[in-house]
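Below: the structure, in C-alpha cells.
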Amino acid sequence: MSADGRETLAHDGHSAVVVVHSAASDVGRVRQVNEDSFLAEAPVFLVADGMGGHARGDAASRAVVETFRRHLGTGEASTPEQVLDAIHSSNDAVRALSEAGDEGVAVAGTTLAGVALIDAGAGQGLKWMAFNVGDSRVYSWDGRRLIQVSVDHSAVQELVDAGLLEAAEAERHPERNVITRALGADEYVEPDVWILPVGGRQAFLVCSDGLTKEVGVDDISRILAEGGRADELIASALAGGGRDNVTAVLVESDTGIDDDGETTRDRDGRFPEETAPRDGGAA
C-alpha cells in the first residue's frame, strides 16, 4: 500500500507552504496481518503501529487514522489544540476496542508518531508540530543528516536515559520491543510534543519500528540522499529480513515559492540542505 501527493497550504491569505509526500506500508515477510496504518493528508502525516494481535492491532491503528480524519480538516493548517484533541480521542477509540473484547481486558493498543502543520496563533504563523506515543519515530532530514526528533517510550530508552545502556546497544537489546507508553493502555495518554519552525525547505521521516529494526540510520540516510522515496525505504526493510510490518511516510515542505508557483525543490530536484533544529519540549 502506498500513496504520494503534493498539496499547497495557504496561511493568512498571503503565505503558503508546498508539501510533497510519499507513504508506503507492507506486511513484511513474516507477519500475516499488517497492523500498521498511516495517514498522509495535509496538514497531518502520521504512522500508527498496532498491537494486540491480528485484527485487534489492525483495528487499533485504523481507529487512530479515522479519528484524526474526523478531527482535522484537510488542506488547511490545524491548531495545537485540535491535534492534541485528536490524540486523546484516538486513545478513547482504542480503549473502546479493548472494552469490546471477549477477554474483558485490554487487548488493543497502538503507537503513534507524526507531524502536523499548525497555526500557532498569536501572530506566530505556521509551525510544524511533531508528536509521539510509543516507539514509532519522527526524524528530520537536512540532506546530510538524519536526526531523531522524537524520543522512544520504551524500556531500553529508559536505560539509555539513565546512563545504563549505550544508544547503539539499545538497537540490539532483547527487550527493545517493550514499550512504556501506548494509545489504549491507560485512561489518559500523555504524548510528547515538539513545536518546530517552518521555513525554507524541510523534510521529515515518520516510520514504524519495522523500518528502523531492519535498516540502520546510515542506510536510511543514503537512500534519502539518493532521492529515495517511501517505497525504497520499505524495499530496503524487506531486503533486510522484513520481520515486522513496516511503514514509512516521507514529508517535504517548501516555503520558497516563486511567481510561477514553482518551489526551490522543483528547480533543483534535491532534498533540503538545511532545516530547523529540534525545539520545544514535552507537553
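Selection of region 1-32 for residues being modelled with pLDDT under 90, among the small types (Gly, Ala, Ser) and either surrounded by 15 or more Cβ atoms within 10 Å (Cβ to Cβ) or closer than 18 Å to residue 136 by Cα (or both) yields 2, 3, 16.
Does region 143-151 contain any residue that is open to solvent by 10 Å² or more (accessible area, probe 1.4 Å), of a type in the set (S, T, N, Q) and at pLDDT 80 or above? Yes, because at least one residue in region 143-151 is open to solvent by 10 Å² or more (accessible area, probe 1.4 Å), of a type in the set (S, T, N, Q) and at pLDDT 80 or above. Checked against the criterion of being modelled with pLDDT of 80 or more, of a type outside the set (D, E, K, R) and open to solvent by 30 Å² or more (accessible area, probe 1.4 Å), the candidates 75, 114 yield just one match: 75.
Counting only residues that are part of a loop (DSSP other than H, G, I, E, B) and either surrounded by 24 or more Cβ atoms within 10 Å (Cβ to Cβ) or modelled with pLDDT of 95 or more (or both), region 80-111 holds 2 of them. Say whether the condition of being under 14 Å from the mean Cα position of the chain (by Cα), under 22 Å from residue 184 (Cα atoms) and either modelled with pLDDT under 95 or not in a strand (DSSP E or B) (or both) is met by at least one residue in region 51-58. For region 51-58, residues under 14 Å from the mean Cα position of the chain (by Cα), under 22 Å from residue 184 (Cα atoms) and either modelled with pLDDT under 95 or not in a strand (DSSP E or B) (or both): absent. Summed over region 117-137, residues that are in contact with a Lys or Arg (Cβ under 7 Å, 6 or more places away or on another chain) and either open to solvent by less than 20 Å² (accessible area, probe 1.4 Å) or within 18 Å of residue 90 (Cα to Cα) (or both) total 3.
Picking from residues in region 193-205 that are in a strand (DSSP E or B) and surrounded by fewer than 20 Cβ atoms within 10 Å (Cβ to Cβ), the one that is modelled with the lowest pLDDT is 197. For the criterion of being surrounded by fewer than 17 Cβ atoms within 10 Å (Cβ to Cβ) and either aliphatic (A, V, I, L, M) or part of a helix (DSSP H, G or I) (or both), residue 62 fails. For region 157-168, state whether one or more residues are touching a residue at least 12 places away in the same chain (Cβ under 8 Å), touching a helix residue (DSSP H, G or I) at 6+ places or on another chain (Cβ under 8 Å) and open to solvent by less than 10 Å² (accessible area, probe 1.4 Å). No, because not a single residue in region 157-168 is touching a residue at least 12 places away in the same chain (Cβ under 8 Å), touching a helix residue (DSSP H, G or I) at 6+ places or on another chain (Cβ under 8 Å) and open to solvent by less than 10 Å² (accessible area, probe 1.4 Å). Scanning region 22-45 for residues that are in a loop (DSSP other than H, G, I, E, B) and polar (S, T, N, Q) gives 32, 34.
Taken over region 214-235, residues that are open to solvent by 70 Å² or more (accessible area, probe 1.4 Å) and assigned to a loop (DSSP other than H, G, I, E, B) amount to 1. Condition test on residue 48, is it in a strand (DSSP E or B), at pLDDT 95 or above, among the aliphatic types (A, V, I, L, M) and crowded, with 22+ Cβ neighbours inside 10 Å? Taking the combined requirement at face value, the residue satisfies it.
The values are calculated or read from the model by the stated rules, or taken from the named source; none is laboratory data. Just so it is clear, the structure is predicted and the values come from calculations on it, not from any experiment. Using ideal geometry, Cβ is built from the backbone for each residue, glycine included, and neighbour counts are taken over all protein chains shown. The accessibility values were calculated without ligands, DNA or RNA, using every heavy atom of the protein model including side chains. Shrake-Rupley method; radii C 1.70, N 1.55, O 1.52, S 1.80 Å.
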